[in-house]
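Inspection log for the structure reproduced underneath, given as structure tokens.
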Amino acid sequence: MRVRFGVTTLLIVIYILSSNLLASGESSENGFSFLVGTEYQSISQEYYDAIIDTTNFDELEQWELAKDNIEEFSGKTTIQYRFEDSQKRFKIYNDMELSKEKWIGRGDGTLRLGNFSQYAELNGRIEHKSSLDDSDNGDLGYTTLSGYLRGKKDLSEKFSLGVKISGESIFFEEADRAAQDDVMANTGFYNEYDYSLITGRIEGQWRLSDFGRTLDWEIGARKRFVPDSAAAEYNQFQTRLSYNGFTESGYVMFEIGGELKDYAQPSNIDDYFLLNIDSRISYALHPEFELRFGSFLDSYMYREQDVVNRDNVRLRFDLTGQRQIRDWHVGPVVQFEIYSEKELADDDGIEYSDNYVQWELGGKADLLSGSRVFADCSATYGHRGYTGDDVVITSYDLVSLSAMASVTFYRQVSVLLYFDGVFEYHEVKEDNSNLYILSISLTTRF
């Protein structure tokens with residue numbers, strides 16, 4: 001018997017060309033707009049496969065480089081109607097996407113009455129997807145219904161109160177579901193299931209001064225219903241308190257939040273409490289140089305520990321600078337992150353964890369020249385070192401690159417380039433991983 005399992009080490013997503021031809025370009029003006037577009041997308045994945053031959057007395061293991069590739073060409077259309085004045089806003093649109101693999105249709109409508117200090121807003125959305133591929137690729141057709149009702153009112157010059165109620169339901173096509181019975185039998189689980197989600201939220205704001213200093217709070221609850229699997233149902237509660245303030249030389253933000261999630265299954269597996277603490281500070285050391293600092297803490301506390309769900313804490317610090325040189329803004333980037341999780345013993349009694357310390361150093365630059373040229377890019381080099389006694393993956397160096405640029409030519413012809421990549425170089429070559437996305441789009445409006 002030959003046992004095959006893959007360790008993903010290279011994922012390439014290339015979003016080659018998106019050409020949109022607008023018969024009447026979408027804008028902020030009232031009336032109808034119409035869009036017709038084409039899109040080509042290619043997704044490639046390379047990874048190392050571990051091939052274990054158990055037909056021999058001594059199992060033989062070797063690594064092979066495998067590659068998967070998916071290409072898709074699709075057409076898109078969008079029709080939109082928009083009306084807005086000082087006391088109301090109405091927007092409705094429909095868009096469709098068709099390829100040889102699938103058909104997707106969407107409809108969305110929003111009505112808003114009132115102004116900034118007092119308004120009510122109603123939204124409804126429907127989305128339907130049908131799979132046109134007869135092969136058993138696990139791509140299910142579905143219909144999603146969602147919507148929300150929200151409102152806000154200034155109780156005084158300093159206090160405002162808001163409320164939002166939203167719902168979402170998804171229904172998978174039975175024909176496609178029947179084709180996946182073998183998948184469920186082999187894996188023992190099925191991720192695509194019908195469910196309904198109801199969310200409620202109350203929020204408030206206290207304006208401490210006229211210079212943009214506010215104290216914001218939020219309390220929310222969410223309930224998920226799953227008709228085919230009660231164990232997937234859950235109750236979720238969230239709360240948040242934040243301070244935002246502008247000063248003559250910068251900006252200060254501090255936020256603390258909590259989240260409690262309780263699944264309906266008999267055991268406490270997957271139940272957790274999450275604590276978030278974020279802060280951001282910006283300070284202008286010079287009229288042409290600004291320093292920004294951020295700290296982020298996430299702490300998960302599970303009611304029961306297992307291989308996947310373990311108590312963990314992640315702490316990250318960011319330090320960036322920005323200096324203006326004509327139309328460019330350039331500056332350094334420094335990042336430091338610590339991750340610690342509770343150690344867990346395997347069947348042999350060996351305790352292991354994925355604790356690590358990571359740092360990155362680099363720089364960033366962005367360009368804004370009028371309304372026709374825009375660019376934003378960054379590059380960092382760093383290292384992630386795992387500190388546990390028995391770790392599953394090896395420490396590695398990493399290079400992160402990102403770039404986005406947009407150029408508008410004659411009239412409304414624009415070219416957009418986007419690239420984002422992370423390249424990992426491990427102590428063990430089979431653990432190497434490279435992930436990047438490349439996107440090039442061409443749009444024209446008339």
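The values are calculated or read from the model by the stated rules, or taken from the named source; none is laboratory data. The structure presented is a predicted model; accordingly, all values stated were derived computationally and were not measured. All Cβ positions, glycine included, derive from the backbone under ideal geometry; neighbour counts span all protein chains shown. Note: accessible area is taken over every heavy atom of the protein model, side chains too, but ligands, DNA and RNA are not part of it. Shrake-Rupley method; radii C 1.70, N 1.55, O 1.52, S 1.80 Å.
With every protein chain present, what accessible area does I219 have (1.4 Å probe, heavy atoms only), rounded to the nearest 10 Å²?
Here the accessible area works out near 100 Å².
Segment 191-335: D in µm²/s via Stokes-Einstein (Kirkwood Rh, Cα pairs, 37 °C, 0.692 mPa s)? Intermediate values should be presented prior to the final figure.
Details: Rh = 18.4 Å.
Here the translational diffusion coefficient equals 178 µm²/s.
For segment 279-296, take each phi angle, set θ = phi - 60°, evaluate the Karplus expression 6.51 cos²θ - 1.76 cosθ + 1.60, and give the result in whole Hz per residue in order, putting x for glycine and proline.
8, 9, 9, 10, 9, 8, 6, 8, x, 10, 9, 10, 10, 10, 10, x, 10, 9
Could you compute how much accessible surface F336 exposes when probed at 1.4 Å, giving the result in Å² to the nearest 10?
80
Enumerate the amide H contacts of G388 below 5 Å, restricted to partners 5 or more residues apart or on another chain; note that Pro and chain-start residues carry no placed amide H.
Result for G388 returns N355.
With all protein chains present and a 1.4 Å probe, how do R384, R222 order by accessible area, largest first?
Output order, biggest surface exposure first: R222, R384.
Please list, by residue number, every one of the trypsin sites (Lys or Arg not before Pro) in segment 76-143 that is coil in DSSP and has at most 13 other beta-carbon atoms within 10 Å. It would help to have the intermediate numbers written out before the result.
Working: sites: K76, R82, K88, R89, K91, K100, K102, R106, R112, R125, K129; in loops: K100.
Those satisfying the criteria are K100.
What order do H128, H286 take when sorted by accessible area (1.4 Å probe), most exposed first?
Numbers: H128 50, H286 95 Å².
Ranked list, largest accessible area first: H286, H128.
Work through the residues other than D216 whose Cβ is under 12 Å from its Cβ and net out their charges, Lys, Arg +1 and Asp, Glu -1. Before the final figure, lay out each step's value.
Details: positive: R207, R213, R240; negative: E203, E218, E255.
Residues near D216 contribute 0 overall.
Leaving ligands, DNA and RNA out of it, work out the accessible area of E173 with a 1.4 Å probe and give it in Å² to the nearest 10.
50
Which semi-axes, in whole Å and largest first, does the equivalent ellipsoid of segment 253-294 have when worked out from the alpha carbon gyration tensor as the square roots of 5 times its eigenvalues?
Working: eigenvalues 343, 11, 5 Å².
Three semi-axes, in Å: 41, 7, 5.
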